[in-house]
Amino acid sequence: MTRFRRSMIVMLLSAAATAVADGSPPTYLAAALDRDGRLAEALPLYRARADATLTSADRLRYAGALLRAGEPDAAQTVYATLLAERGSVEHGDGEALRVATVASSILVQGFPALAADVLAPALATRPGNRTLALLLVRARIGAGDQATARAVLASLPRPALTAVPGERLELARAALLTGDGPSARRLLDIPIDESIGQMFRASILAEADLRAGAWKTTERTLASAARLAPASLAEGKVDRAWRNAQRELRALQLRRAVCLWRLGRRDAAADQAARAADADEESVRSSAIVLRAAVDLADGRRDVAMLRLAALAGHDVRFAAPLTRLEPALVAGVGSSDAVEPLAAALAAEDRAADTITTEVVAILAESIGAPVVAHP
């Protein structure tokens, strides 16, 4: 299918420079093109904005787009520049903050191994930095390197009852994902007063039931967790301070969607998948899009599903070849493990911590490929 093989060669658009000069918001235009699967058109706009403002946010956005466009060397150049810069006024460990900022951005883009490569040298020179350590644990787990993640985690002292709740929760999540259930439970048993922390706690607790395939119990836990979130988190854009909470909510919605599907509540699953697809975290967004395509297929909207998947391929070059491989099965309406395996691998590469969900999403897609096509007026 030609749309799955669309070229990722970037053509510089003169409109980008015009947009910056006349005060229009090229970042929003680029983001809209990008999310529609037109990264080749969006990339020059990202670059124009980054060159014009030189802000860290715009340059990180541009570097992330370069990664998804299959241009890692160009992205690394941007990251190296950001890591080497020193602000006019820096308090505390400015270098550690820059490393954490860059690594977090790379993780959001779905490149955990690269994030680990940025974090490991910085942590080696400042082993007591909990922020870098927790990020490295997350990156190692995301890259599938459980052994190293466990080693880094073991080197960290467990927080006291008065420690920052966010750190305790992330330590608990890491312990659970690396197979240390008892440590995770001890950390999660410490009371948390504020509702956002309670949402995170419930979301993390649901992981064990999810892995056991306890769909009903998991869905109930996640539904209760979602009710703890402020209504503003469901909005498309939130203040920087709330982004991690919104990401947790989107990941929670993706897991709910899978549970609801397995419980036979397809409409509710579709609703949650649509919400999760608004995530700015690529691993969550990609799986949500695949799940939405599965809903389309099951409802007989094969053309819509194919367009949705084509947009995913145009948004991230890593999905172009897997979706080309999947195309004959989509056209024929015959699912097979050979057809979906490359897609499963591409999703897994974004975040191995989400293997349980990735496996289920791909299985649901495979089941839906063979669903009968319904004629629509």
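Which condition from (1) under 16 Å from Gly37 (Cβ atoms); (2) at pLDDT 95 or above is the one that Glu281 breaks? The single condition Glu281 does not satisfy is (1). Residues considered: Ala57, Ala63, Ala69, Ala74. Of these, the only one that is under 20 Å from Glu282 (Cα atoms) and out of contact with any helix residue (DSSP H, G or I) (no Cβ under 8 Å at 6 or more places or on another chain) is Ala57. The single condition from (1) crowded, with 22+ Cβ neighbours inside 10 Å; (2) closer than 20 Å to Arg35 by Cα that Leu297 fails is (2). Counting the residues of segment 326-341 that are surrounded by fewer than 16 Cβ atoms within 10 Å (Cβ to Cβ) and in contact with a Pro (Cβ under 9 Å, 6 or more places away or on another chain) gives 3.
If you go through segment 346-354 one residue at a time, do you hit one that is among the small types (Gly, Ala, Ser), surrounded by fewer than 20 Cβ atoms within 10 Å (Cβ to Cβ) and touching a His at 6+ places or on another chain (Cβ under 8 Å)? Break it down into steps so the answer makes sense when it comes.
Our first condition is that a residue be among the small types (Gly, Ala, Ser); within segment 346-354, this holds for 346, 348-349, 353-354.
Imposing the further condition that a residue be surrounded by fewer than 20 Cβ atoms within 10 Å (Cβ to Cβ) reduces the set to 348-349.
In the following step, the residues that additionally are touching a His at 6+ places or on another chain (Cβ under 8 Å) were identified as none.
Checked against the condition, which is being among the small types (Gly, Ala, Ser), surrounded by fewer than 20 Cβ atoms within 10 Å (Cβ to Cβ) and touching a His at 6+ places or on another chain (Cβ under 8 Å), segment 346-354 yields no hits at all.
Are any residues in segment 153-188 at pLDDT 90 or above, of a type in the set (D, E, K, R) and not in a helix (DSSP H, G or I), and if so, which ones? Listed by number, the list holds a single entry, Asp180. Can you tell me how many residues within segment 293-323 are in a helix (DSSP H, G or I), charged (D, E, K, R) and farther than 15 Å from Ala277 by Cα? Result for segment 293-323: 3.
This table checks each residue for (1) within 18 Å of the chain's Cα centre (by Cα); (2) at pLDDT 95 or above; (3) surrounded by fewer than 24 Cβ atoms within 10 Å (Cβ to Cβ); (4) assigned to a helix (DSSP H, G or I).
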| site | (1), (2), (3), (4) |
| --- | --- |
| Gln76 | no, yes, yes, yes |
| Val89 | no, no, yes, no |
| Ser104 | yes, yes, yes, yes |
| Leu107 | yes, yes, no, yes |
| Ala115 | yes, yes, no, yes |
| Val118 | no, yes, no, yes |
| Gly128 | no, no, yes, no |
| Leu134 | yes, no, yes, yes |
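Say we look at segment 296-326 and pick out the residues that are within 28 Å of Arg243 (Cα to Cα) and aliphatic (A, V, I, L, M); which of these is farthest from the chain's Cα centre (by Cα)?
Initially, segment 296-326 is screened for residues within 28 Å of Arg243 (Cα to Cα), giving 308-319.
Retained after the next criterion (residues that are aliphatic (A, V, I, L, M)): 309-313, 317.
Values: Leu309: 17, Ala310: 19, Ala311: 16, Leu312: 13, Ala313: 16, Val317: 15 Å.
The residue in question is Ala310.
Residue pairs whose Cβ atoms lie under 7 Å apart, separated by 6 or more positions or on different chains, with the first residue in segment 194-214 and closer than 16 Å to Arg256 by Cβ and the second among the acidic types (Asp, Glu) and surrounded by 17 or more Cβ atoms within 10 Å (Cβ to Cβ), are Met199/Glu248; Phe200/Glu248; Ser203/Glu248. Residue pairs whose Cβ atoms lie under 7 Å apart, sitting 6 or more positions apart in sequence or on different chains, and linking a residue in segment 254-276 that is closer than 16 Å to Val362 by Cα to a partner that is surrounded by 24 or more Cβ atoms within 10 Å (Cβ to Cβ) and of a type in the set (Phe, Trp, Tyr), are Ala269/Trp261. Quick one: in segment 36-52, of everything that is surrounded by fewer than 17 Cβ atoms within 10 Å (Cβ to Cβ) and at pLDDT 95 or above, which residue is nearest to Glu71 (Cα to Cα)? Once the filter is applied, the top-ranked residue is Arg38.
The values are calculated or read from the model by the stated rules, or taken from the named source; none is laboratory data. Keep in mind that this is a model prediction, so the values were computed, not measured. Glycine also receives a Cβ, built like all others from the backbone with ideal geometry; neighbour counts cover every protein chain displayed.
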